[in-house]
Amino acid sequence: LATLPDRDFRAGYGEVVKYGLLGDADFFAWLEENGPKLRRDRDALIHAVAHSVAMKAGIVTRDETEQGERALLNLGHTFGHAVETEVGFDEGALAHGEAVALGCCMAFRYSAREGLCSAADVAWVEAVVAAAGLPTRLAQAGGGIVADSVPELEFQESCNKAAAALRAVAAASGLRAP
């Protein structure tokens, strides 16, 4: 990880942030404090990676056939994939981890509109993502994307899939917020 270019390192961090949003508020708070120093603090980096891998392994072990809890791992991906499709996969376009981080922000904004989380939760997620130098808004995705340029049908389908995933997050965590 030490040899990765900064952008690739940040993109990987986009995936790590997701694990803090999957019902682990303590890890998310830890990321808020320690995320900016992961690049230069080997012990913090090891903790972040180990915690993320353990969370993923636990979820996959409990739901090997993706019948419930495993849908949590899609947090950020449904919106992120729609944005990736719109921006394209050309060199220099949005990296996958950047799209996931942006997708998490989009999912939380959507959740706030649906009453599943508060505006304060959205602001907290966006602040942690932005502090890592990752995009929080469509306009930051590159490729000239604007909110109304994502094809309406595809975007609505993504919203529906994201809403289902967010409901699964809420149900699995026992919380109202994702």
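Quick notes
- Relative to the globular-protein estimate of 2.2 N^0.38 Å, the Cα radius of gyration of the stretch 11-120 stands at 1.11.
- Radius 13 Å from Cβ of GLY12, net charge of other residues (Lys, Arg +1; Asp, Glu -1): 0
- Note that the stretch 97-105 has calculated 3J(HN,Hα) couplings of x, 5, 5, 5, 4, 4, x, 5, 4 Hz, one per residue in order, obtained from phi through the Karplus relation 6.51 cos²θ - 1.76 cosθ + 1.60 (θ = phi - 60°); glycine and proline are x.
- Calculated from the alpha-carbon coordinates, the stretch 71-122 shows an Rg and a Dmax of 11.9, 38 Å respectively.
- Compared with the direct C-alpha span, the chain from ARG40 to ALA2 gains 12.8 nm at full extension, assuming 0.36 nm per residue.
- Ranked by the mean number of other Cβ atoms within 10 Å of their residues, highest first, the peptides 49-56, 93-100 come out as 93-100, 49-56.
- The trypsin sites (Lys or Arg not before Pro) of the stretch 8-41 that meet both conditions, a loop assignment by DSSP and at most 14 other Cβ atoms within 10 Å of the site Cβ, are ARG40.
- Surface share of carbon and sulfur [accessible, 1.4 angstrom probe, percent] for the stretch 39-100: 51 percent
- Highest to lowest packing among 107-117, 63-73, scored as the average C-beta count within 10 Å: 107-117, 63-73
The values are calculated or read from the model by the stated rules, or taken from the named source; none is laboratory data. None of these values were measured; they are calculated from a predicted model. Note: ideal-geometry Cβ built from the backbone for every residue, glycine included; neighbour counts use all protein chains shown. For the accessible areas, the whole protein counts, side chains as well, though only heavy atoms, and no ligand, DNA or RNA atoms are used. Shrake-Rupley method; radii C 1.70, N 1.55, O 1.52, S 1.80 Å.
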